[in-house]
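Notes for the one structure printed next.
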Amino acid sequence: MAPDTGQGVARASGAAGARPRARPRDLLGGRSGTFLVRSLSVLGFFALWMAGTLLLGPRLCPSPATVAAFVVRETASGELPYHLGVTLLRVAAAFLLAMTIGTLAGLAMGRSRTANLVMEPWLVLLLNAPALIVIVLAYIWIGLTETAAILAVAINKIPNVTVTIREGARAMEPAYMEMARVYKFPKASLYRDVILPQLQPYLAAAGRSGLALIWKIVLVVELLGRSNGVGFQVHLYFQMFDVRAILGYTLAFVTVMLLIEFLLVQPLERRANRWRSRPA
Amino acid sequence: MAGDGAALRVRIEEKSYASPGGETVPVISGLEMSLPPRAFTCLIGPSGCGKTTTLRILLGLDDEFEGKIDDRFRTARLAAAFQEPRLLPWRTVRQNVDLALPRDMTDREAVIGRALADVGLEELLDRYPGQLSLGQARRAALARAFAVRPDILFLDEPFVSLDEATAQRLRGLLIELWTHHPVTVLMVTHNVREAVQLADRIVLLTHRPARVVGEVAVTLPREARTQETVGAFAAELARRHPGLVTL
């Protein structure tokens with residue numbers, strides 16, 4: 001028979017790499033220790049950057065201060081927030097599209113042998129289609145439009161989501177489904193209370209890696225066929241050999257992604273993982 | 001529904017599994033029995049003889065068998081306590097009971113509160129199952145089973161892997177709950193003392209492939225079921241069915 005409650009799911013989350021991480025408490029002790037380690041790590045990054053400036057010169061590798069000044073000026077002029085906003089919207093649209101379709105496909109493939117047989121060749125094809133080719137074909141077939149751009153990005157991400165969610169669907173504990181059948185759970189409750197919580201670690205894993213991948217592809221899409229967004233700006237400044245601006249835009253976007261991670265993704269994850277906590 | 005009227009009839013002609021080697025292994029062959037309404041029936045037999053498989057067929061979790069079971073098994077409201085408690089670990093004890101209740105049930109909070117108080121878990125309503133001991137989780141599963149006011153209640157060795165004192169306390173609790181809400185019960189166990197202590201009647205199964213070899217009415221009055229009388233009754237059963245009933 002199936003193992004006791006929770007065990008199966010705890011194992012599954014480990015497989016997806018989304019098990020709530022143990023804080024490095026043993027390293028330096030407590031929250032302040034964590035903060036110290038983090039700060040040192042970030043300081044190390046800036047030290048490396050400044051060393052680069054000294055070695056390569058301010059034209060090839062402008063100092064953090066120069067880049068910061070650029071970001072402030074571009075923000076004041078409204079230029080940077082506009083392009084950043086456009087890119088973020090594209091990221092959000094492609095992300096939602098890829099997560100929705102990828103999750104539905106992954107669930108179907110994980111739960112039905114037939115669906116898996118039918119869709120597996122498509123999945124392998126998409127998994128191995130180079131991002132650049134998908135983008136170029138989308139622009140050729142659909143035209144240089146917003147739809148083509150977002151679709152191209154989503155298509156690049158969908159197979160990864162599908163693979164992850166399929167693993168999750170396969171790792172689901174049949175014991176809970178049987179219990180739900182005996183007690184005649186309504187369909188909505190079956191998904192909300194039985195299936196989704198088991199998929200949650202996999203959704204988190206797919207979402208996290210998805211956000212990172214999507215924003216990288218969005219830049220390529222913008223570079224190739226859009227006239228606004230961070231990718232377009234980076235292309236523009238590349239032609240002008242303005243490394244300061246390229247770094248400025250990159251840094252601004254990475255900052256936004258960090259904020260999303262710490263203010264949105266992690267609190268959501270903590271909330272979803274409340275039940276895993278054990279009494280002290 | 002299943003609480004009234006005629007006994008629920010079960011006839012499983014044939015149930016087999018495909019072994020990993022590709023052969024078909026018969027698990028049940030010609031099993032016939034009936035469950036009298038509002039009676040407590042125990043199914044005992046050697047381990048691995050197909051008791052749990054029978055239960056799964058009656059619960060509607062396994063459709064691949066030859067035979068005919070009473071339609072009321074499909075229309076009645078069912079409840080089950082499995083070998084593992086099967087509480088959703090990401091929902092609190094209260095939510096676990098709530099989710100199992102029929103949609104149209106009114107006064108849910110009171111029903112949940114009473115069901116959990118009946119098993120002594122009123123303090124642990126908002127705990128997650130991972131924070132309960134196995135005994136507490138089993139109690140929560142029993143509370144859930146009774147809270148839905150089932151027509152038929154299935155119990156699959158609900159007291160295994162508990163220490164004897166806890167198991168004994170839970171058996172007392174089960175009988176108390178059942179006395180208050182007399183429903184048709186089918187309990188699977190390989191513990192013959194447990195069966196004698198709890199049941200009105202015992203259905204004995206053979207080794208695999210399972211079929212019924214006998215039905216025994218437990219004639220001991222409930223108030224007279226002490227360790228000695230139960231032990232003696234069980235010993236007599238074991239003497240009459242050597243090889244099938246082990247103490």
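The values are calculated or read from the model by the stated rules, or taken from the named source; none is laboratory data. What you are looking at is a predicted structure, and each value in this text was computed from that prediction instead of being measured. We place every Cβ from the backbone using ideal geometry, glycine too, and count neighbours over all the protein chains shown.
Taking the condition of being under 16 Å from the mean Cα position of the chain (by Cα) and surrounded by 21 or more Cβ atoms within 10 Å (Cβ to Cβ), how many residues in the range B:74-98 meet it? Counting residues in the range B:74-98 that are under 16 Å from the mean Cα position of the chain (by Cα) and surrounded by 21 or more Cβ atoms within 10 Å (Cβ to Cβ) gives 8.
Residues are listed down the side, and each one gets a yes or a no for (1) in a loop (DSSP other than H, G, I, E, B); (2) modelled with pLDDT under 50:
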{"residue": "A:Pro3", "(1), (2)": "yes, yes"}
{"residue": "A:Gly8", "(1), (2)": "no, yes"}
{"residue": "A:Arg19", "(1), (2)": "yes, yes"}
{"residue": "A:Arg31", "(1), (2)": "no, no"}
{"residue": "A:Leu36", "(1), (2)": "no, no"}
{"residue": "A:Leu40", "(1), (2)": "no, no"}
{"residue": "A:Ala47", "(1), (2)": "no, no"}
{"residue": "A:Thr53", "(1), (2)": "no, no"}
{"residue": "A:Arg59", "(1), (2)": "yes, no"}
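List the residue pairs whose Cβ atoms are under 6 Å apart, where the first residue sits in the range A:77-89 and is of a type in the set (S, T, N, Q), the second is not in a helix (DSSP H, G or I), and the two are 6 or more positions apart or on different chains. Pairs found: A:Thr87/A:Gly229. Of the candidates B:Ser47, B:Ser34, B:Ser29, the single residue that is within 14 Å of another protein chain (Cβ to nearest Cβ) and farther than 30 Å from A:Asn273 by Cβ is B:Ser47. In the range B:171-191 there is at least one residue that is polar (S, T, N, Q), surrounded by 18 or more Cβ atoms within 10 Å (Cβ to Cβ) and in contact with a helix residue (DSSP H, G or I) (Cβ under 6 Å, 6 or more places away or on another chain). Say whether the condition of being surrounded by fewer than 21 Cβ atoms within 10 Å (Cβ to Cβ) and either within 15 Å of the chain's Cα centre (by Cα) or outside any helix (DSSP H, G or I) (or both) is met by at least one residue in the range A:185-201. Checked against the condition, which is being surrounded by fewer than 21 Cβ atoms within 10 Å (Cβ to Cβ) and either within 15 Å of the chain's Cα centre (by Cα) or outside any helix (DSSP H, G or I) (or both), the range A:185-201 yields at least one hit.
Condition test on B:Ala110, is it at pLDDT 90 or above, part of a helix (DSSP H, G or I), of a type in the set (Gly, Ala, Ser) and within 21 Å of the chain's Cα centre (by Cα)?
no
Can you pull out the residues in the range B:137-170 that are crowded, with 19+ Cβ neighbours inside 10 Å and not in a helix (DSSP H, G or I)? B:Val148, B:Pro150, B:Asp151, B:Ile152, B:Leu153, B:Phe154, B:Leu155, B:Asp156, B:Glu157, B:Pro158, B:Phe159 - these are the residues of the range B:137-170 that are crowded, with 19+ Cβ neighbours inside 10 Å and not in a helix (DSSP H, G or I). Could you list all residues from the range B:113-136 that are without any contact (Cβ under 8 Å) to a residue 12 or more places away in the chain and assigned to a loop (DSSP other than H, G, I, E, B)? Once the filter is applied, which keeps residues that are without any contact (Cβ under 8 Å) to a residue 12 or more places away in the chain and assigned to a loop (DSSP other than H, G, I, E, B), the range B:113-136 yields only B:Ser133.
Right, A:Gly225: within 30 Å of A:Trp141 (Cβ to Cβ) and either within 14 Å of chain B (Cβ to nearest Cβ) or within 14 Å of the chain's Cα centre (by Cα) (or both) or not?
Judged against the criteria, A:Gly225 is not a match.
Of the residues screened, B:Val119 is not one that is farther than 25 Å from B:Cys42 by Cα, more than 9 Å from every other protein chain (Cβ to nearest Cβ) and of a type outside the set (Ser, Thr, Tyr). Say whether the condition of being at pLDDT below 90 and crowded, with 17+ Cβ neighbours inside 10 Å is met by at least one residue in the range B:120-129. Within the range B:120-129, none of the residues are at pLDDT below 90 and crowded, with 17+ Cβ neighbours inside 10 Å. Would you confirm whether any residue within the range B:65-73 is of a type in the set (Val, Ile, Thr), more than 12 Å from every other protein chain (Cβ to nearest Cβ) and part of a loop (DSSP other than H, G, I, E, B)? Within the range B:65-73, not a single residue is of a type in the set (Val, Ile, Thr), more than 12 Å from every other protein chain (Cβ to nearest Cβ) and part of a loop (DSSP other than H, G, I, E, B). When you look at B:Val216, is it in contact with a Lys or Arg (Cβ under 9 Å, 6 or more places away or on another chain) and part of a helix (DSSP H, G or I), yes or no? No, not satisfied.
In the range B:36-73, the residue that is surrounded by the fewest Cβ atoms within 10 Å (Cβ to Cβ) out of those that are of a type in the set (Ser, Thr, Tyr) and modelled with pLDDT under 90 is B:Ser47. The residues in the range A:229-252 that are part of a loop (DSSP other than H, G, I, E, B) and either charged (D, E, K, R) or out of contact with any His (no Cβ under 6 Å at 6 or more places or on another chain) (or both) can be counted, and the count is 3.
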